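Report on the structure given below.
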Amino acid sequence: MKKLLIILAIVFMASTAWTAPFLVCNCQDDFDGNYELVFDGTISVTSPAQQYDCVDGQVRLSLDMAPLALADGQHSMTGKAVNVWGETVEVPFGFNKVVPTNLTGTGLSATP
């Protein structure tokens with residue numbers, strides 16, 4: 001039973017480590033607000049600041065990209081931090097969503 005629990009724990013940790021990519025920023029002090037993001041000029045997302053992987057009350061952007069269901073290819077994003085006092089300047093970010101090609105040349109080898 002103990003071995004089964006260890007195996008299940010390893011499988012769970014591996015599956016959470018290989019989820020969709022997350023859009024993140026550095027941890028910030030004294031921020032209580034949201035991040036407003038626009039993908040490809042049309043998809044608007046508001047993401048609350050989160051304490052994930054931050055210390056001493058700091059927060060950051062941590063957005064799971066999977067629900068956006070972006071098409072393969074080049075994308076652009078602009079983002080800003082917003083709270084009751086105002087907002088930052090928009091920051092641009094570009095990225096390329098690439099799905100791996102089909103596996104070829106599969107076989108056995110005596111060496112790695």
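The values are calculated or read from the model by the stated rules, or taken from the named source; none is laboratory data. Not measured: the values here are computed from a predicted model. Using ideal geometry, Cβ is built from the backbone for each residue, glycine included, and neighbour counts are taken over all protein chains shown.
General observations
- Checked against the criterion of being over 24 Å from GLN28 (Cβ atoms) and out of contact with any Leu (no Cβ under 8 Å at 6 or more places or on another chain), the range 42-50 contains one or more residues that satisfy it.
- Considering the range 1-51, and only residues there that are modelled with pLDDT under 50 and either part of a loop (DSSP other than H, G, I, E, B) or among the hydroxyl-bearing types (Ser, Thr, Tyr) (or both), the residue that is nearest to PHE93 (Cα to Cα) turns out to be THR16.
- Positions within the range 53-103 being outside any strand (DSSP E or B) and in contact with a Leu (Cβ under 8 Å, 6 or more places away or on another chain), in sequence order: LEU61, MET65
- Single unsatisfied condition, SER62 versus (1) farther than 13 Å from VAL24 by Cα; (2) under 13 Å from the mean Cα position of the chain (by Cα); (3) among the hydroxyl-bearing types (Ser, Thr, Tyr): (1)
- Long-range neighbours under 7 Å by Cβ, at least six apart or interchain, first residue without any contact (Cβ under 8 Å) to a residue 12 or more places away in the chain and loosely packed, with under 13 Cβ neighbours inside 10 Å within the range 20-42, second not basic (Lys, Arg) and not in a strand (DSSP E or B): none
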